[in-house]
Every structure is written in C-alpha cells, then in structure tokens.
1. How many residues are without any contact (Cβ under 8 Å) to a residue 24 or more places away in the chain, in a helix (DSSP H, G or I) and surrounded by fewer than 18 Cβ atoms within 10 Å (Cβ to Cβ) when one looks only at segment 220-264?
2. Looking for whichever is under 22 Å from residue 110 (Cβ atoms), without any contact (Cβ under 8 Å) to a residue 40 or more places away in the chain and surrounded by fewer than 24 Cβ atoms within 10 Å (Cβ to Cβ) here; the options are 53, 70, 36, 58. Which one fits?
3. Which of (1) loosely packed, with under 12 Cβ neighbours inside 10 Å; (2) under 24 Å from residue 350 (Cα atoms) is the odd one out, the single condition residue 276 does not satisfy?
4. For segment 266-309, what are the residues that are within 25 Å of the chain's Cα centre (by Cα), modelled with pLDDT under 90 and closer than 30 Å to residue 357 by Cα?
5. Test residue 312 against the criterion of being within 26 Å of residue 215 (Cβ to Cβ), assigned to a helix (DSSP H, G or I) and within 28 Å of the chain's Cα centre (by Cα), and give yes or no.
6. Does residue 253 meet the test of being outside the structural domain of residue 10 (by TED's automatic domain parsing) and out of contact with any helix residue (DSSP H, G or I) (no Cβ under 8 Å at 6 or more places or on another chain)?
7. Could you check segment 137-161 and list, in sequence order, the residues that are touching a strand residue (DSSP E or B) at 6+ places or on another chain (Cβ under 9 Å) and modelled with pLDDT under 95?
C-alpha cells in the first residue's frame with residue numbers, strides 16, 4: 001500500500017508527531033484542526049500544509065485520514081470525514097478503541113474503510129510544540145480491525161505504522177482496552193495519586209525529594225483534560241485495575257499499622273507485596289523485546305553546564321562501550337549531578353577505568 005497523501009485531523013502531540021514522521025519519509029501531509037493556531041504552529045514546524053487554507057475548500061483527497069482527536073470525538077469526526085469523502089481509508093490514534101468503534105457503528109459510519117489504531121507512545125507534554133518525528137520509533141502500535149474491515153484499509157494502516165517506525169501489534173479492541181488499562185491508564189492514575197500527596201507536603205519533605213519520587217510522578221504532569229477523556233472512554237477496565245491496586249495498598253497499610261503496634265508477623269505480607277512488585281517489574285520487556293536484560297550501572301559525576309553530557313558519551317564511544325540507557329539525577333542547589341549509565345555487565349569495569357583515566361569522577 002503506497003501512501004502518497006495523508007490527512008491528519010488534530011494537530012496535538014500525537015497528530016503532529018505522526019505528520020512530522022510522515023514528512024521525513026516524503027509523504028504529503030494535509031493538516032486540519034478546530035484550533036487554527038494549532039494548525040499554523042504544526043505547519044511552521046514542518047508538519048505539512050493546511051487541508052482547508054483560510055477555512056476554504058479542502059485541497060485534495062487523501063489516501064489515508066488519521067483522526068487524532070480525543071476518544072469521545074473519534075466517531076463523529078469519522079462520520080463527517082466519510083460524508084465528504086475526505087480519504088480512501090481512515091484510522092484514529094486514540095488510546096481507547098472499543099467505545100469509538102461501537103459509537104462509529106451506531107452512527108452508521110462505513111467500518112469497511114476504517115481500521116482503529118493506537119501508537120503506544122507519548123510524552124508528559126502536549127500540543128504541537130511538543131511533537132517529535134521520532135516519537136514512535138520502536139514503539140508498539142496497536143491496530144484493531146473489525147471483521148468487516150477491507151484488507152486494503154488494514155494494509156494502509158500497516159504502511160502508516162511502518163513509515164512512522166512503529167511495531168505493529170494486531171489486537172481485538174476489547175483486549176486492547178483491558179491491556180492499556182494495566183500498562184498505561186491505571187499507572188497514570190496511580191502516579192497522579194502519589195503526586196497529589198505532594199500538593200500539601202511540607203517544604204522539608206520537598207527539599208528531601210530524590211529521584212525516586214520524580215520517577216514515580218513524572219507522568220502526573222500531563223494535561224488533566226486530555227486524561228479525563230481517556231479515562232472516561234476506558235472507565236470500567238481502569239476501575240478494575242485501580243480496585244486491585246487499592247486492595248494491595250490497603251493490605252500494606254494494615255500490615256504496617258500492625259507492625260507499628262508490635263506485630264512482627266505483619267512483615268510477611270509486606271515482603272510478599274514487595275516480591276510481587278519485583279516479579280512484575282522484571283516482566284516489562286527490554287528495548288529489544290523479551291525479558292529486560294540485567295545491566296550494570298556506572299555512576300558519573302557530571303557538571304551542569306553545556307557540553308558535559310556530550311563529552312561523557314564521546315568517552316564511552318572512544319572505549320567502545322555502548323550505553324544501553326541513561327538517567328540524570330541533579331543535586332539540588334549544586335551545579336552538578338549524577339549520570340547513571342546502564343551498560344553490559346562485562347563492560348562496566350572497562351568503562352569505569354577509562355573514565356577515571358580521563359578525569360571523570362566515578363563514585
């Protein structure tokens with residue numbers, strides 16, 4: 001399936017990132033949004049051209065239309081686009097699938113030309129200004145064709161995923177929604193709940209905040225309006241996961257109360273939860289899929305000034321050590337921080353020695 005012209009309706013983070021990725025592959029991209037300012041910004045970023053210049057007639061029919069709007073509006077947008085024959089095939093990139101498909105069927109949309117999809121990628125920032133052409137590289141991208149979907153429509157979405165660098169995963173819409181409730185939607189609510197405790201925290205507590213709380217609450221800074229739409233569209237599966245998490249937390253709280261009152265046996269329940277957490281964490285796939293490998297972490301003191309991180313990576317390159325992952329932890333009030341480099345275990349000693357020789361502080 002050759003995609004020469006693609007229409008992107010909704011120029012937020014995902015829509016504009018998709019457009020940027022397609023432009024890099026030479027695809028003509030038409031942009032539409034109810035917010036003229038968002039379209040202008042996306043266009044200025046190089047994401048494409050306006051589909052309706054100055055609010056006039058569309059400039060052309062697309063091979064594929066990508067509906068990048070909140071889940072509650074996918075079906076109505078699809079109906080309107082099909083009514084004017086905006087494209088040959090259609091998809092959406094909302095993070096909920098079953099409800100938009102059900103609603104589209106109720107409205108009488110042509111489901112043969114429509115294949116719902118969802119790229120499992122994002123950022124805590126929103127809007128076209130946060131968009132990146134490489135946002136989907138190596139990321140799972142679900143597609144959920146119905147039984148009546150035209151094989152060519154499915155092929156068009158697969159081609160879209162390929163052009164954007166994603167990994168296609170075909171899945172039933174209901175199974176998709178239950179899956180993302182576990183790996184995305186409920187974790188977001190849990191992170192928000194932890195972050196909400198910080199709203200009333202003392203200055204002393206915030207002054208002691210380390211990387212752990214930053215890791216747990218990073219995604220809590222996302223747009224509340226956007227997430228209300230996502231959670232509303234997947235309410236029941238998310239509620240089930242949150243109830244299970246709440247049960248674990250309640251049991252842990254009860255065990256800690258008992259421990260504080262001198263019941264030493266209460267530690268067993270806490271230990272079991274901690275072990276289950278380790279087991280669950282270890283099941284998260286690594287960057288190449290499958291079980292995540294165990295890396296060694298080399299900590300390096302790094303100055304908070306331009307060029308330091310580049311110098312550090314250059315040193316790794318000179319000794320032939322590949323950095324599998326990196327995390328930065330800043331030292332509050334000091335012009336330095338710690339770079340944690342994850343490397344293959346047998347490379348850790350070599351890298352540590354080489355960095356010492358080049359003047360780096362390796363604790």
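1. As a first pass, look at segment 220-264 and keep what is without any contact (Cβ under 8 Å) to a residue 24 or more places away in the chain: 224-225, 228, 235-236, 239, 243-244, 246-247, 249-264.
Subset that is in a helix (DSSP H, G or I): 224-225, 228, 235-236, 239, 243-244, 246-247, 249-260, 264.
Among the residues that remain, those that are also surrounded by fewer than 18 Cβ atoms within 10 Å (Cβ to Cβ) are: 224-225, 228, 235-236, 239, 243-244, 246-247, 249-254, 256-260, 264.
Final tally of qualifying residues: 22.
2. On the way: 53 fails: under 22 Å from residue 110 (Cβ atoms); 70 fails: without any contact (Cβ under 8 Å) to a residue 40 or more places away in the chain; 36 fails: under 22 Å from residue 110 (Cβ atoms).
Among 53, 70, 36, 58, only 58 is under 22 Å from residue 110 (Cβ atoms), without any contact (Cβ under 8 Å) to a residue 40 or more places away in the chain and surrounded by fewer than 24 Cβ atoms within 10 Å (Cβ to Cβ).
3. (2)
4. Of segment 266-309, the ones within 25 Å of the chain's Cα centre (by Cα) are 276-295, 297, 309.
After this cut, where a residue has to be modelled with pLDDT under 90 as well, the list is 281-295, 309.
Matches in segment 266-309: 293, 294, 295, 309.
5. Numbers: within 26 Å of residue 215 (Cβ to Cβ): yes; assigned to a helix (DSSP H, G or I): yes; within 28 Å of the chain's Cα centre (by Cα): yes.
Yes.
6. It is true that residue 253 is outside the structural domain of residue 10 (by TED's automatic domain parsing) and out of contact with any helix residue (DSSP H, G or I) (no Cβ under 8 Å at 6 or more places or on another chain).
7. Within segment 137-161, 138, 139, 140 qualify.
The values are calculated or read from the model by the stated rules, or taken from the named source; none is laboratory data. Please read all numbers here as calculations on a predicted model, not as lab measurements. Note: ideal-geometry Cβ built from the backbone for every residue, glycine included; neighbour counts use all protein chains shown.
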